[in-house]
Amino acid sequence: RRRWLAVVARGAGVGAGALWWLAQRWAAGTAEGPMPMVMLGLSLPIVAVLAAFPVRIPRPKFVYPMADIFVFALLALLGPAAAVVATGVEAAVATARQSRRVASWLSAPAFAMLGMAVGGVLHEGLERLLPAIGLHPGLTAWLALSAAALAYFATTSLSMLALMAAKATRPVSLAHWI
């Protein structure tokens, strides 16, 4: 129970930090003007609608929303904070539709936001590192997004697996994940 509370608290902290960063960016204004926030404002309802119709994985009772294309577009265009907020919205809407458990309503967005924070940090780092070694900008963008997607899905899935294993007092096994 303590582990679950710690994960939910961390996820809420990441989500609050992302919202704070976006609010600071909005208040300070950017060179692009209001367009980034308009893009975020238009994307979040689309993410929510798409998240309402997730793909259900039958055996472990997991759901995967179809809104990931918008989430990763926000990551590429607006950065990790926007993607973290969109991922939280996506997970919250999908879980609210699919589960009756309040614990799931809280933990799914927390895991998703933590996973996207890891993927977003990796994306930002690769976006800065790869051009410095002479890679083409298009290849850099593709590699950074691909690495972010792998980190996001691995972090989210392995975190959920670890929590379920701890709840069942079993060791974490990658065989169950693969």
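The values are calculated or read from the model by the stated rules, or taken from the named source; none is laboratory data. A quick note: this is a predicted structure, and the numbers were derived from the prediction, not measured. Backbone-built Cβ (ideal geometry, glycine too); neighbour counts: all protein chains shown. Keep in mind that these areas ignore ligands, DNA and RNA; they rest on the heavy atoms of the full protein, side chains included. Shrake-Rupley method; radii C 1.70, N 1.55, O 1.52, S 1.80 Å.
Please work out how much accessible surface F153 shows to a 1.4 Å probe, ignoring ligands, DNA and RNA, in Å² rounded to 10.
Roll a 1.4 Å probe over it and F153 shows about 80 Å².
To the nearest 0.05, what FRET efficiency results for A27 and L129 with a Förster distance of 35 Å applied to their C-beta separation? Please report the intermediate quantities before stating the final value.
Details: r = 30 Å, r/R0 = 0.86.
Given R0 = 35 Å and the Cβ-Cβ separation, E is 0.70.
Which distance in nm do the two modelled labels at A154 and L5 give, with both placed 7 Å along the Cα-to-Cβ direction?
3.2
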